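Let me begin by presenting the structure, written as structure tokens, before commenting on it.
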Amino acid sequence: MIKSMMVTGVVLMMLVVAGCGTGPDAPTGLTVTSTSPITLSWTAVSGATSYTVYRGTTSGGLATKTLLASDITVTTYTDTLASAGTAYYYQVTAVSSDGVSSPSNEVNAVSQSQSGGLFNLQGSKNGSQITLIWNTVGSAASYNVYRGTTSSLITNKTKVANVVAVTSPTTIFTDGSGFTSGVTYFYQVTSVDSSGTEQSQASNEVSVLF
């Protein structure tokens, strides 16, 4: 009888231990599928009900990152808050009724977003000049204007001007030098805060044939 009770107790203990969740497996296969804007993808974890994305600006463990997004129920995430030209480091955890997983592998990317945001940048040739016009961004102290001769990410263009912000609904800039007839010029704009830091993702790209 005593032996039977001991066996029963051991079985019950095993069942209790088996029922104590230790969290789901860590997500695997975290990759960057786009940098315009930064988009992440990872492999689904069995039993996971959601995922949490962490982001930092230096490489390291989860302690070096801050929570970026939680309650994600798909295996992709687009970082719409990333600043153009900044390097970011990401990790993901899985969440289930048993708890939270250990973090995924770390990936890094530099945002090259050309989504445009609120700018709606437009350009046109006017005589010997090129005129740009875009929607004014309320928090901007000024704007950086970038130009290139091939369609490219903003990091491959050259800054040609810093334009002081205005209070009107739209901002206009006239680029009047350095052109070659028959060449197409490509432009993008970023907003800059009062400390001189670029605060926005790059605008949409416009092209103007000179």
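For the reader, a short list of remarks on this structure follows.
- Qualifying residue in the stretch 31-39 (condition: modelled with pLDDT of 90 or more, at negative phi, in the same structural domain as TYR88 (by TED's automatic domain parsing) and buried (at least 16 other Cβ atoms within 10 Å of the Cβ)): no
- Residue in the stretch 179-191 that is among the β-branched types (Val, Ile, Thr), under 30 Å from VAL45 (Cβ atoms) and modelled with pLDDT under 90 present: no
- Residue selection: ASN120 fails the criterion of being at pLDDT 85 or above and not aromatic (Phe, Trp, Tyr).
- In the set THR86, THR73, only one residue is surrounded by fewer than 17 Cβ atoms within 10 Å (Cβ to Cβ), modelled with pLDDT under 95 and of a type outside the set (A, V, I, L, M, F, W, C); that residue is THR86.
- Any hit, the stretch 98-105, residues being charged (D, E, K, R) and either part of a strand (DSSP E or B) or modelled with pLDDT of 95 or more (or both): no
The values are calculated or read from the model by the stated rules, or taken from the named source; none is laboratory data. Since this is a predicted model, take the numbers as computed values, not measurements. Virtual Cβ from ideal backbone geometry, glycine too; neighbours counted across all protein chains shown.
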